[in-house]
Amino acid sequence: MKRLFFQLHLWISIPAGIIISLICFSGAMLVFEKEITALLQHDLRKADQSAGSPLPISDILDTVRRTLPEGVEITGVEISPDPAIAYRVNLSYPNRASLWVDQYTGHINGPGKRPPFFRLMFEMHRWLLDSKRPADGSIWWGKTIVGIATLAMLIILATGLLLWWPRSRKALHRSLSIPLRKGWPKFWLGLHDAAGAYAALFLIAMAVTGLTWSFRWYNDGFYRLFGVTKTESARKHGGGKAEAKEISYTHWQTVYDTLAAANEGCTINISDGKASVQLKNSINSRAADKYMFNPRNGEITGSEPYAALQESSKIRGIIYSVHTGSWGGIITRILAFLVAMTGASLPVTGYYLWLRRILRHKHTGVSPRSNGGGRGGTS
């Protein structure tokens, strides 16, 4: 049986390994995108508190609207609880466009663009840089290849664990250690085995959740297990592009004042007739209490507390948090970074071990064992 596992592990890894390394490396680079972007865009995000009290939201948005090209409208505003951070004004075009605006002076600091490096890493992680969705309904090859490679990764991890699984406690200790004084071949073998063992379960969790963005059939089946219907799952993944429309933000200040008074220290988003308060210290990094308000007077007309939602309505945000490692704060994000980097390194060490076997076979004329079985079977 181990011979079969070894052959599966080897011959699936050879074609898929490079793609898996790219997916894992780019994923690792995205873990701390928010913090790094905040540092890079410090001047854009900075607000001049010395100018006095914040201007009314309607005045700020009027200033922004006068600078926008025809066909582009304001769709919402994000207000941080930190008074030193500027308001982020969201726009209808292009996708996810925004402007940082100093709420004390009304000065437009600049666009809130995603840094080119992180845009590159995101497109690599999701689509292997094939970021154009075919208009004719044909196969989106980048997205499909990422999905296939992720499925291959699950098989590789499962067979790798079966090959590594120790038969005794003494063997377990040896299998989880990396020999540092037995030469480079033993070191790379130990690194491949031990690193794979430590990271395997976390990588499996990332792969299982990541596949929901690759295949619709997998997405529908996966969320159905948690009681999410196909219609709801498709809606949450986003449907067609909403048409831009001019909205009234005359009473958004009233909405903000009401919500800020009851939710100290939370980021608040306001859009046309809707508002949300991002919750802190939740395993769901997208958890938010939602509110509806009357655009004509700013009166709150309804609410949808996150705590009152059914578990099936929370699952998508939780899955995202598991995939990105954000469910437990900075500790789990550091862990996610290390695990993703380990996932990127495993194909590299695996290629080294495979090429070494081939070269040794050419020099000695003795066929290497192909039954696998941990360090003894791959050294």
* Structure fact -> Quick calc, D82 & V208: beta-carbon distance into FRET formula, R0 30 Å, rounding 0.05, result 0.25
* To do: Taking the dipole about the Cα centre of the chain, with the C-beta of Lys and Arg at +1 and of Asp and Glu at -1, give me whichever of W141, I318, T267 is farthest to the positive side.
  => W141
* Asked: Can you tell which of P295, G329, T254 lies farthest toward the positive end of the dipole of region 251-354, using +1 and -1 charges on the Cβ of basic and acidic side chains (Lys, Arg; Asp, Glu)?
  -> G329
* Structure fact -> Averaged per residue, the 1.4 Å probe accessible area of region 81-211, protein heavy atoms only, in Å², is roughly 57
* Asked: If you work out mean projected area of the Cα convex hull in nm² from the coordinates, which of [x] 18.7; [y] 29.0; [z] 23.9 do you get?
  -> [z]
* **At R0 = 45 Å, FRET efficiency that the Cβ-Cβ distance of K182 and Y93 yields, to 0.05** => 0.15
* To do: Let me know the number of lysine pairs in region 71-227 closer than 26 Å at the Cα, not counting same-chain pairs under 8 apart.
  => 5
* What percentage of the solvent-accessible surface of the chain, computed with a 1.4 Å probe over protein heavy atoms, is contributed by carbon and sulfur atoms? -> 61
* Nitroxide proxy distance, nm - points 7 Å out along Cα→Cβ at D43 and L120 -> 2.2
* Structure fact -> Amide H contacts under 5 Å for S98, restricted to residues at least 5 apart in sequence or on another chain and with H modeled in the peptide plane, are L91, G112
* Helix 116-127: angle to the longest alpha-carbon principal axis of the chain, degrees 0 to 90, nearest 10? -> 60
* Asked: Full extension from T250 to E73: what is 0.36 nm times the residue separation minus their Cα-Cα distance, to one decimal in nm?
  -> 62.2 nm
* Determine the per residue accessible area of region 279-352 with all protein chains present and a 1.4 angstrom probe, expressed in square angstrom. => 53
* Asked: Averaged over all directions, how much area does the convex hull of the C-alpha atoms of region 264-321 cover when projected, in nm²?
  -> 4.4
* Give, in nm to one decimal, the length gained when the segment between W217 and A307 is fully stretched (0.36 nm per residue of separation minus the Cα-Cα distance). => 29.5 nm
* Structure fact -> Taking Cα atoms, the helix 184-210 axis meets the longest principal axis of the chain at an angle in degrees (rounded to 10) of 40
* What ³J(HN,Hα) values, in whole Hz, does the Karplus curve 6.51 cos²θ - 1.76 cosθ + 1.60 give for region 168-179 when θ = phi - 60°, with x put for Gly and Pro? -> 8, 5, 5, 5, 5, 4, 5, 6, 9, 10, 10, x
* To do: Calculate the spin-label point distance for A171 paired with S50, positioning each point 7 Å from the Cα along the beta-carbon direction, and give it in nanometres.
  => 7.0
* What are the principal axis extents of the Cα atoms in region 155-195, in Å, biggest first? -> 30, 23, 11
* Structure fact -> Rounded to the nearest 0.05, FRET efficiency between R65 and I300 (Cβ-Cβ, R0 30 Å) equals 0.75
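The values are calculated or read from the model by the stated rules, or taken from the named source; none is laboratory data. Everything quoted here is computed from the prediction, not taken from an experiment. Neighbour counts are summed over all protein chains in view; Cβ atoms, including those assigned to glycine, are modelled from backbone coordinates with ideal geometry. Side chains are part of the model used for accessible areas, which takes the heavy atoms of the whole protein and leaves out ligands, DNA and RNA. Shrake-Rupley method; radii C 1.70, N 1.55, O 1.52, S 1.80 Å.
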